[in-house]
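Contents: one structure, followed by commentary.
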Amino acid sequence: MLGSPMDASRLSAALTDFYAPGLAADTYVERAFALTARLLPFSLNSHGVLDKRTGVLSANFDAAPAGLADAFAAFGRLMGKYPVFSFDPSVNGGKPYSARDFYSRPSLQDLDIYQEVYRPMGFADHCFVHVPAGPEEVVVHGFMRESKAFDQREKAVLEILQPHLANGRALALLVTEAKDLPVAPELFAHAGFTPRECDVLFWLTRGKTNHEIAKTLQLRDDSVSRHLQAIYSKLAVDHRVAAVLAGLALARRLHAELCATRGGVELAVATR
């Protein structure tokens, strides 16, 4: 749990920026780096993707300290020897954990992966946060620190962030996919939404705020809020991010169904 009202306020502000319009496949990693950097201290932030088909590990880092390329190559070569470092989502029941949760400082320093990866970089601990992904890849956010081990409070913060990182990644991928999907508000009428709900849901999936939706549709802000509550109910969700995810997934499904039943359908795309 976060320790004070100030912490909760910081979390809320950081998440608002993380989910702000512009979140997409090409901005997710940068947004995730910014989110975590605002809430806990570390020396190096990473986003790793392990392709389960090929065994290839790729990663992004928020900095490029000397020796990083050699250390990363050594990590990829040695990670499979140890469950803690292997990107296994079942470790610690899927919750965030650090290397020091499983090894004392002396025992960690005896490992070859420590000698070839962490010692040259000066890192004392490595914290892992798994993010659910497709069946063919494993996605992990990693945090390395030069001084003390990550403590339980810091891992509790990461546990709070874990579902947001997962939702943010899913949302980013869906938003990017939807950019090439010929969707108009009227598409949602096939799922039982009223004409005005179709309009509001369409702009919601385009990342508009309530005020922006109201201005676009020439409605009052409170009218948009009422329509959103009806939309949440029909989508069986209880918050905005879930509604965007469900709305984008619904648009993709409806478009595919229409194409299948009509032999292809072309819909107008709103441009503003």
Take Ala34 and decide whether it is out of contact with any helix residue (DSSP H, G or I) (no Cβ under 6 Å at 6 or more places or on another chain), more than 20 Å from Val175 (Cα to Cα), assigned to a helix (DSSP H, G or I) and open to solvent by 40 Å² or more (accessible area, probe 1.4 Å).
no
Looking at region 237-256 only, could you name the residues that are over 10 Å from Leu187 (Cβ atoms), in contact with a helix residue (DSSP H, G or I) (Cβ under 8 Å, 6 or more places away or on another chain) and either aliphatic (A, V, I, L, M) or open to solvent by less than 20 Å² (accessible area, probe 1.4 Å) (or both)?
Val237, Val241, Ala242, Ala243, Val244, Leu245, Ala246, Gly247, Leu248, Ala249
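Let's see how each residue does on (1) over 29 Å from Glu257 (Cβ atoms); (2) touching a Ser or Thr at 6+ places or on another chain (Cβ under 9 Å); (3) basic (Lys, Arg); (4) touching a residue at least 24 places away in the same chain (Cβ under 8 Å):
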residue	(1), (2), (3), (4)
Leu111	yes, no, no, yes
Gln115	yes, no, no, no
Glu154	yes, yes, no, yes
Ile160	yes, no, no, yes
Ile213	no, no, no, no
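Residue-by-condition table, conditions (1) open to solvent by less than 30 Å² (accessible area, probe 1.4 Å); (2) without any contact (Cβ under 8 Å) to a residue 60 or more places away in the chain; (3) among the aromatic types (Phe, Trp, Tyr); (4) part of a helix (DSSP H, G or I):
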{"site": "Arg53", "(1), (2), (3), (4)": "no, no, no, no"}
{"site": "Ala63", "(1), (2), (3), (4)": "no, yes, no, no"}
{"site": "Ala66", "(1), (2), (3), (4)": "no, yes, no, no"}
{"site": "Ala71", "(1), (2), (3), (4)": "yes, yes, no, yes"}
{"site": "Arg77", "(1), (2), (3), (4)": "no, yes, no, yes"}
{"site": "Asp88", "(1), (2), (3), (4)": "no, yes, no, no"}
{"site": "Arg100", "(1), (2), (3), (4)": "no, yes, no, yes"}
Does Arg53 count as more than 16 Å from the chain's Cα centre (by Cα), within 21 Å of Phe150 (Cα to Cα) and at pLDDT below 95?
no
Selection count, region 88-104, where residues are within 20 Å of Arg119 (Cα to Cα) and either in contact with a Leu (Cβ under 8 Å, 6 or more places away or on another chain) or modelled with pLDDT under 95 (or both)
3
When Leu44 is evaluated against the numbered criteria (1) closer than 22 Å to Ser147 by Cα; (2) at pLDDT below 95; (3) open to solvent by less than 40 Å² (accessible area, probe 1.4 Å), which criterion, by number, is the only one it fails?
(2)
Checked against (1) free of Cβ contacts under 8 Å to residues at least 60 places away in the same chain; (2) in contact with a helix residue (DSSP H, G or I) (Cβ under 8 Å, 6 or more places away or on another chain), Ala178 satisfies every condition except (1)
In the set Asp151, Asp110, which member is of a type in the set (Asp, Glu), open to solvent by 30 Å² or more (accessible area, probe 1.4 Å) and farther than 27 Å from Ala69 by Cα?
Asp151
Looking only at region 105-135, which residues are within 29 Å of the chain's Cα centre (by Cα), part of a loop (DSSP other than H, G, I, E, B) and at pLDDT 95 or above?
Gly122, Phe123, Ala124
Filter pass, Glu116 being more than 20 Å from Ala59 (Cα to Cα) and either in contact with an Asp or Glu (Cβ under 7 Å, 6 or more places away or on another chain) or surrounded by 14 or more Cβ atoms within 10 Å (Cβ to Cβ) (or both)
no
Are there any pairs, at least 6 apart or on different chains, whose C-beta atoms fall under 8 Å, with the first in region 23-39 and under 21 Å from Lys208 (Cα atoms) and the second β-branched (Val, Ile, Thr), and if so, which?
Leu23/Val175; Ala24/Val175; Ala24/Thr176; Ala25/Val175; Ala25/Thr176; Asp26/Thr176
With (1) open to solvent by 40 Å² or more (accessible area, probe 1.4 Å); (2) free of Cβ contacts under 8 Å to residues at least 40 places away in the same chain; (3) farther than 18 Å from Asp125 by Cα; (4) in contact with a helix residue (DSSP H, G or I) (Cβ under 7 Å, 6 or more places away or on another chain) as the list, and Tyr19 as the residue in question, which single condition is left unmet?
(2)
Take region 187-211 and flag every residue that is within 24 Å of the chain's Cα centre (by Cα), over 21 Å from Glu177 (Cβ atoms) and either at pLDDT 95 or above or open to solvent by 50 Å² or more (accessible area, probe 1.4 Å) (or both).
Thr209
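The values are calculated or read from the model by the stated rules, or taken from the named source; none is laboratory data. Everything numeric here is computed off the predicted structure, so don't read it as measured data. FYI the Cβ positions are ideal-geometry reconstructions off the backbone, even for glycines, and counts take in every protein chain you see. To get the accessible areas, we keep the full protein, side chains included, count just its heavy atoms, and leave off ligands, DNA and RNA. Shrake-Rupley method; radii C 1.70, N 1.55, O 1.52, S 1.80 Å.
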